[in-house]
Structure formats: C-alpha cells, structure tokens
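Computed from the coordinates by the stated procedures, all read-outs in this text should not be read as laboratory data. Model, not experiment: these values are computed from the prediction. Neighbour counts are summed over all protein chains in view; Cβ atoms, including those assigned to glycine, are modelled from backbone coordinates with ideal geometry.
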Amino acid sequence: MLTPAARLRDFPVLADQAYLNTAAEGIPSPAVARAVEAYLRDKLDGMNGRQAHFARVEGCREAAARTIGMRPAEVAFCSCSSEAYNLLATAVDCAADDEVVVSDLDFPAGVTPWLVPGARCTPRLWTSVAGRLDVGDLERLLSPRTRLVQLSLVSFWNGHHLDWDAVHGAVRRLAPDALLAVDVTQAVGRVPRLCPGADLVISSTHKWLLGLHGGCIVAARDAAADRLTPRAGGWLHIENAFDADRFERAAIRRGAAGFAVGMPNFAAIYALEAALLSIESVGVAAIAAHADPLVARAAEGLAAAGLDLMCPAEATRPGGILAFRHADTQRLHDQLERESIRVMHHAGRIRIAIHGYNTADDVDRLLDAIRRWRAGAAAG
C-alpha cells in the first residue's frame, strides 16, 4: 500500500488515475475480493455454511476490537451507520426536556434521529465558526439535562478533526451523566488515535477501511452497556428469542450485542475482516506517516492557488480530508474527471481525501490541474 510495487499489486485500478475520494468510497484490495468469493463458497454449502459464516463474524469482531481499541465483547455489527444511530435513539433514556448535543459538521445519520417526528430529546446544536468547533462553545451547551453528546471525530464535510481530549474532558466534567458517542467513519483506518473513553463508537466500513457497503462497526463500552441497550425488535439480539416465554417478553442483550438485531450481512463481514487485517498488516501509524505529508502538500498547493479551505489546515490534522468552495466548482470537477482525477463535488464544494494508497504524483496532478483551471478562469 505504501510503496509503488505494493500499490500496483493491491490496487491495480489506481494505476491510471489519481483517486482522491476515499472519504466517499474506498478502493478494496484483491484480498477483499477473495474474501467475498470465500463467502460465496461457504454460502453454497447451504445451512452447513453457517458455521463458517459465524466463525468469520467472530474473527471480524476481534479485528475490529483491535482497530477501535475495545474488547471483542464490546463490538457488534449493523448494516450501516444509519441503522446503528436509529437503534441508539431507542436506547437513550430521555424525556422531552432532556437534551442531545450534535454539531453542524456531523453526517446526517447521527443527527436526524433526533429531528424526526416523535424524537424524545431536544437537540442542541454545536455550531462551527470559520470551519472549526470551539470546545468553549460546547461547554456552554452542556448541562445536567444533557443525555447524549453525538459527534464525528473527523468531519465528512470539511475534514475538521475534534480536539478529542478537550471534548472528552468537557463532557465528563459538565455533563457527567451524558453518554458520549463518536462517529469515526472518516478516521478509522487513517487516524492512529481515535477516541479513548468514548461510550459508543460507530463506523461505516466502505470508506477508509476499504471494505464494502452493508457493514457498520458498533463498539459500546461495557461500563455503559445498560444505558446503550436498544429497545428494538428482532431475534439475534434477543436472549430468549426461541425460549418458552418468547411471546411474553423480549430479553435484549446488553450493549453492543443489542445492536445486532438480525442476521448479519455475512458478505460485508467477510470483506471487512479481510480489509481490517490488510490495514493492520500495514499499520495505521505507517499509513498516517505516509499520507499526512501529502495532505500538507495539498493544503499548501491549494493556498498557493488562492483557494481557501473550509477548515483551517491545522484543524484537519491528523486526517485525510480537505475541502474548499468556489463559484465554479462544477467546471473544475468536470475538468478533473476528464483527466482521471477523482474528487468529491457536492453542495458547492470540492472535497479531497488522501489515503495510504495515494502518492505525491496524485497530489501534484491535482494541483497542476487546479492551477490550469484557475489560469483559464482568469483568462476568460
């Protein structure tokens, strides 16, 4: 992943393009494809294949626990982060005058369960200023009424990286009874240090982890398991699902296990286990050591081209995302696509994402194309 030879071997599709869009979709390696093939072989064994399926779940649970920094018993899997956050909303015990804190840099999946009709808690919005979240502003939102603080470690929107220690300290000091949930989708597999001390950690699997759609890691700290048990129907998370009293009560498993409400998406879990092991074999610290200088190189080049980042570069590090706005980003995106330079264009912004399989040449191709675009715009 970190050398030209390994890159061509493991990510041959990147040979003829500068792929700078991992924050939207990661590129799986052949190891992931082989894992999916293994799932299909096991599936062809019918019911007998389930033994292999559930063995993969346990292997994936152990790998995910190492990556997240929790114990395997504290890890489970959902089909996507939206499912996980909707289940979280059923678990949090709150009344109408209780509060949930979210930020305006969060992905909708973590925010909208508190905005839909019938939501029990009152949402409080931690608003960014000039692309940054100031912990002092968070402190003014926290109170004994705070039941949950839900944030993203790295923002999908502009790459802002939380000052995790300051956030964790503020919540524990000013809202000691609040649960602290963190979306690490844009950090896990790319940022070496995640969020120690969080009560709940959630991550999609098809971005920086380089897995597939249909998977989501949910890790719930055992000390908070009783307060993180969803109130949802299903069967896999029900201890007495097939017992004699199954029509009288539903005994839900505590904590993370309560989020695994039905049959796992085995194909996504086979893929995720392979992806996690691949990332682990390289090392997230090594990935960051390779990719962080490329992010700095891109930030400097964008500044030299007269483009203002949506979040100050120092507030995005460590991390892989940079974003900027411009009145003519559609034309820029079209030009980049013609030159096989892949970035995200959405809501009037260009978002760049740099992972371990990216190179200085990828960044230089991007910056050269932007300079030519800017020169053409000025001449026009």
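Helix 81-91 and the longest principal axis of the Cα set of the chain meet at an angle near 40°. Put a plus charge on the Cβ of each Lys and Arg, a minus charge on the Cβ of each Asp and Glu, and nothing anywhere else: the dipole of the stretch 30-281 about its Cα centre is then about 280 debye. The stretch 326-380 and the stretch 3-56 have Cα centres lying 28 Å from one another.
Remark: relative contact order (the chain) = 23 percent; criterion is Cα-Cα distance under 8 angstrom and separation of 6 or more residues. Between the residues 187, 135, 198, the greatest Cα displacement towards the positive end of the dipole of the chain, with unit charges on the Cβ of Lys, Arg, Asp and Glu, is found for 187. Dividing the Cα radius of gyration by the Kirkwood radius, what Rg/Rh value follows for the stretch 145-284? Reported Rg/Rh, Kirkwood definition of Rh: 1.02.
In terms of its Cα atoms, the stretch 299-372 spans 30, 26, 22 Å along the principal axes, sorted from long to short. Protection proxy ranking, highest mean first, for peptides 330-339, 91-100: 91-100, 330-339, where packing is the per-residue count of other beta-carbon atoms within 10 Å, averaged.
Once Rg and the Kirkwood radius are both taken over the C-alpha atoms of the stretch 216-277, their ratio Rg/Rh works out to 1.05. Taken one residue at a time, the phi angles of the stretch 294-302 give Karplus couplings (6.51, -1.76, 1.60, θ = phi - 60°) of 5, 5, 4, 4, 5, 4, 5, x, 5 Hz. Gly and Pro are set to x. Taking 4.7 Å between C-beta atoms as the pairing limit, the chain has these partnerless cysteines: 60, 80, 195, 311. Charge tally around residue 28: other residues with Cβ under 13 Å, Lys/Arg +1 each, Asp/Glu -1 each, net -2.
The alpha-carbon atoms of the stretch 221-380, seen along their principal axes, cover 78, 34, 29 angstrom, with the largest extent given first. Compactness of the stretch 37-188, taken as the C-alpha radius of gyration over 2.2 N^0.38 Å, stands at 1.23.
Structure remark: mean-square fluctuation, Gaussian network model of the chain, C-alpha springs under 10 Å; the largest value among 289, 353, 187 belongs to 289. Each 10 Å bin from zero holds the following percent of Cα-Cα pairs in the chain: 5, 23, 30, 24, 13, 4, 1, 0. With both residues required to sit in the chain, DSSP beta bridges show an antiparallel share near 50%. Axis of helix 266-282 versus longest Cα principal axis of the chain: the two differ by about 60°, to the nearest ten degrees. From most to least packed by mean Cβ count within 10 Å, the peptides 72-78, 305-311 give 72-78, 305-311. Counting only DSSP H runs of at least 4 residues, each contributing -39500 (n - 2.57), and dividing by the residue count of the chain, the helix-based mean residue ellipticity at 222 nm comes to -11500 deg cm²/dmol.
Modelled spin-label separation between residue 13 and residue 286, with each label point placed 7 Å from Cα along the Cα-to-Cβ direction: 2.4 nm.
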